[in-house]
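Structure first, commentary second.
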Amino acid sequence: MADLFFFGTLRHIPLLELVLGRSGDALKARSAQLPGHGVYQVVGQPFPAIEERQGATADGVLVQDLSAADLDALNFYEGGFGYELKPVAVRLADGSYAEAEVYFPEPGMWQTAEPWDLEAWAAEWGALSLRAAEEVMAYYGRKSAEEIAESFPAIRRRAASWLAGQARPADPEHNLTKDVIVHSHTRAYLNFFAMEEMELQFRRYDGSMSPVVHRSAATAALASVVLPYDPKRDQVLLVEQFRAPVYISGDSRPWMWEPVAGLVDPGETPEQAAVREAQEEAGISVQRLEPVAQVYPSSGSLTEFVHIFIGIADLSDVSGGGGLAGEGEDIRSRIISYDALMEGIDAQTYQDMPLVTAALWLSRHRERLRAGHS
């Protein structure tokens, strides 16, 4: 049996319950403190780190009598992120001390900032962390902790996308608690994308329930797409890059002309992602965004939900771009006239659906956007 002191996100009992796979009521847990240490926000991340700091005190929870199976689950959840258990003496509410172990990060692993606040974290990141942990723990016993850590940014993006879907207005014609019955849910594959499978029934239009059907979905995150448009010059900017899925499909033209596009990071709005991606991929400073559509590009197979924009920009001032080498991007751009764009649309030259969608929207709103610029 082992006694652990939790100082960070695992102080959030619903998260600890999920990782351990059992109720917090069954845990022998009580408040404790670790003198000479502080808990601080990690810069650029939604979690804290613990550090030795003279005069500081780290608040936390002491969980005693954890089993070998509990430790194995905790090591799986924490182990891929460079944490290691070390012995400490924690102070209890009555002033006595107890021996325990703490997950410490590798020295110098994180840059920290202000003291961390559990309640503020739970309000902003608690739901996302629980959803991400569900996916992580679904691979317990099937993946290594290191493999999970490698995929964790994508897991967090998928969690944020799922929460965004939950927040959209409900279908007034269907009650999901009665009109869909899930018999099994399997997370079958994990990488940058993932694959989930369900056996389910759904309400048919005659009021009866369908037979149990097996369905799969490639799960992806929220994405933003922005077609840069210069209303003064009546020009658009397209980017071209190699698309492995198109090549894998057997298509002989895997280099695709597209709008600027990228994934929405957790804590980021689709608008912020669009502006960021325009700078990273094309070297463009977007002046304002015109919303085009919010759509599933392939609702029969892919969970990706795409926010499409027209980005008003000065295309005489393009600098940088090309994508991020660290993400394996190799991107070139081209500025063409509106007429050339629409000729390509009519000739079905372009294969990227968000580009076609944005171009057709632009054809309806072009005169409004150009007013005062001609």
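The values are calculated or read from the model by the stated rules, or taken from the named source; none is laboratory data. The structure presented is a predicted model; accordingly, all values stated were derived computationally and were not measured. Here the Cβ is made from the backbone with ideal geometry for all residues, glycine too, and neighbour counts use every protein chain on show. We work out accessible area using only protein heavy atoms, side chains counted, and drop any ligands, DNA or RNA first. Shrake-Rupley method; radii C 1.70, N 1.55, O 1.52, S 1.80 Å.
Worth pointing out:
- Cβ separations smaller than 8 Å between residues 6+ apart or across chains give the following pairs from segment 30-59 residues that are closer than 14 Å to residue 88 by Cβ to residues that are open to solvent by 60 Å² or more (accessible area, probe 1.4 Å) and part of a loop (DSSP other than H, G, I, E, B): 32/93.
- Residue check for residue 274: surrounded by 14 or more Cβ atoms within 10 Å (Cβ to Cβ) and either part of a strand (DSSP E or B) or of a type in the set (Gly, Ala, Ser) (or both): yes
- Tally, over segment 198-234, of residues that are touching a Lys or Arg at 6+ places or on another chain (Cβ under 9 Å), in contact (Cβ under 8 Å) with a residue 40 or more places away in the chain and part of a strand (DSSP E or B): 4
- Cβ-Cβ contacts under 6 Å between residues 6 or more apart (or on different chains), taken from a first residue in segment 284-299 that is in contact (Cβ under 8 Å) with a residue 24 or more places away in the chain and among the aliphatic types (A, V, I, L, M) to a second residue that is assigned to a loop (DSSP other than H, G, I, E, B) and surrounded by 15 or more Cβ atoms within 10 Å (Cβ to Cβ), are listed as 284/313; 284/318; 286/313.
- Cβ pairs under 6 Å, 6+ apart, first in segment 235-252 and of a type outside the set (Val, Ile, Thr), second surrounded by fewer than 17 Cβ atoms within 10 Å (Cβ to Cβ) and in a strand (DSSP E or B): 235/335; 235/337; 237/335; 238/334; 240/255; 240/332; 242/255
- Scanning segment 111-127 for residues that are open to solvent by 70 Å² or more (accessible area, probe 1.4 Å) and not acidic (Asp, Glu) returns 111, 115, 123.
- Identity of the residue in segment 131-155, in contact with a Leu (Cβ under 7 Å, 6 or more places away or on another chain) and crowded, with 18+ Cβ neighbours inside 10 Å, that ends up nearest to residue 16 (Cα to Cα): 133
- Some residue of segment 239-249 being part of a loop (DSSP other than H, G, I, E, B) and open to solvent by less than 30 Å² (accessible area, probe 1.4 Å): no
- Strands (runs of 3 or more DSSP E) completely within segment 26-107 that count 1 or more residues being of a type in the set (Ser, Thr, Tyr) and under 24 Å from residue 133 (Cβ atoms): 28-42, 83-92, 97-105
- One residue stands out among those in segment 31-57 that are small (Gly, Ala, Ser) and either open to solvent by 10 Å² or more (accessible area, probe 1.4 Å) or in contact with an Asp or Glu (Cβ under 9 Å, 6 or more places away or on another chain) (or both): the one that is nearest to residue 142 (Cα to Cα), which is 44.
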